[in-house]
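The values are calculated or read from the model by the stated rules, or taken from the named source; none is laboratory data. Computed from a predicted structure; not experimentally measured. So basically every Cβ, Gly included, is an ideal-geometry build from the backbone, and we count neighbours across all protein chains shown.
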Amino acid sequence: MSKKPVIVFEGIEGSGKSHHINVICKYLTKKKIKFIKIREPGGNPNSEIIRKLILNKKTSFNKNTDLLLYLASRSENIGQLKKYYKKRIILIDRFIDSTYAYQHFGFGINLNLIKSINNFLLKNFKVRFTFLNIVNLKNMQKRLKKRKSLNRYDNFKKNFYKKVQSGFLKISKKNKAKYLIINSNLDIKNNETLIINKFKDLIK
């Protein structure tokens, strides 16, 4: 296995995934280990333009348009990602599983359609490991209230987030060896230690 894996941080809003990916970035910087980090949607100038469209509270795209915009953002990223594949550690804040969890389990779009387009875009680009951050809805809402501004995906009904998080868990159960579930309702420092220790194993 490559010592320079693709590692993804997944989870619904307020689950702590972005915090934990930044902790890993600080760890790698301190150790002077080269890596790249991107987020989805977003990641490069073109993808960031698409991100603004998707998350703008004034937009009201239908679910199919949303899916195609997310995949368009990924299409813009994949060239850069493949350039560094197995040459540097790649950290991604949301990736394929988010598309399945939100667009299929959340919005009900056909799963085979999503898989087909993903396979076309990614080809042999493979995720090695995923940290799946989960959170209860009470804590999610508390954390969202602390944010300076909310985007369109921060304002769905509770039941939507329940379906999405359930979708993430269903995905993880199909390949348990490639997932670590982080309960972000628990102490954040303990979770940081848990993630860093697992991360060290992944890049040995």
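Given (1) farther than 20 Å from R152 by Cβ; (2) surrounded by 15 or more Cβ atoms within 10 Å (Cβ to Cβ), where does L113 come up short, assuming only one miss?
Among (1) farther than 20 Å from R152 by Cβ; (2) surrounded by 15 or more Cβ atoms within 10 Å (Cβ to Cβ), the lone unmet condition for L113 is (2).
Would you be able to tell me the number of residues in the stretch 163-182 that are assigned to a helix (DSSP H, G or I), under 18 Å from H104 (Cβ atoms) and touching a Lys or Arg at 6+ places or on another chain (Cβ under 9 Å)? Please lay out each step first, then the result.
Going through the stretch 163-182, the residues assigned to a helix (DSSP H, G or I) turn out to be 163-173, 176-178.
Within this subset, residues satisfying the condition of being under 18 Å from H104 (Cβ atoms) are 163-173.
Narrowing the set further to residues that are touching a Lys or Arg at 6+ places or on another chain (Cβ under 9 Å) leaves 172.
Residues that pass the stated criteria total 1.
Within the stretch 144-178, which residues are in contact with a Gly (Cβ under 6 Å, 6 or more places away or on another chain) and at pLDDT 95 or above? Break it down into steps so the answer makes sense when it comes.
Narrowing the stretch 144-178 to residues in contact with a Gly (Cβ under 6 Å, 6 or more places away or on another chain): 144, 160, 163-164.
Hits for the stretch 144-178 are F160, K163, V164.
For the stretch 102-109, state whether one or more residues are exposed (fewer than 14 other Cβ atoms within 10 Å of the Cβ) and either of a type in the set (A, V, I, L, M) or outside any helix (DSSP H, G or I) (or both).
Residues of the stretch 102-109 exposed (fewer than 14 other Cβ atoms within 10 Å of the Cβ): 108.
If we keep only those that are either of a type in the set (A, V, I, L, M) or outside any helix (DSSP H, G or I) (or both) too, we end up with 108.
There is at least one residue in the stretch 102-109 that is exposed (fewer than 14 other Cβ atoms within 10 Å of the Cβ) and either of a type in the set (A, V, I, L, M) or outside any helix (DSSP H, G or I) (or both).
When you scan the stretch 115-139, how many residues do you find that are part of a helix (DSSP H, G or I), touching a residue at least 24 places away in the same chain (Cβ under 8 Å) and more than 16 Å from the chain's Cα centre (by Cα)?
Counting residues in the stretch 115-139 that are part of a helix (DSSP H, G or I), touching a residue at least 24 places away in the same chain (Cβ under 8 Å) and more than 16 Å from the chain's Cα centre (by Cα) gives 4.
Is there a residue in the stretch 168-190 that is within 30 Å of K32 (Cα to Cα), surrounded by fewer than 16 Cβ atoms within 10 Å (Cβ to Cβ), of a type in the set (G, A, S) and free of Cβ contacts under 8 Å to residues at least 12 places away in the same chain?
Among the residues of the stretch 168-190, at least one is within 30 Å of K32 (Cα to Cα), surrounded by fewer than 16 Cβ atoms within 10 Å (Cβ to Cβ), of a type in the set (G, A, S) and free of Cβ contacts under 8 Å to residues at least 12 places away in the same chain, which makes the answer yes.
Keeping to the stretch 140-162, report how many residues are part of a helix (DSSP H, G or I) and touching a residue at least 24 places away in the same chain (Cβ under 8 Å).
The first filter runs over the stretch 140-162 and keeps only residues part of a helix (DSSP H, G or I), leaving 140-145, 152-154, 158-162.
Then drop every residue that is not touching a residue at least 24 places away in the same chain (Cβ under 8 Å), which leaves 140-144, 152-154, 160-162.
Counting residues in the stretch 140-162 that are part of a helix (DSSP H, G or I) and touching a residue at least 24 places away in the same chain (Cβ under 8 Å) gives 11.
Every residue, every condition in (1) within 27 Å of N110 (Cβ to Cβ); (2) in a loop (DSSP other than H, G, I, E, B); (3) more than 15 Å from the chain's Cα centre (by Cα), yes or no:
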position	(1), (2), (3)
I7	no, no, no
E13	yes, yes, no
K37	no, no, no
K58	no, yes, yes
N64	yes, no, yes
L71	yes, no, no
E76	yes, no, yes
K83	no, no, yes
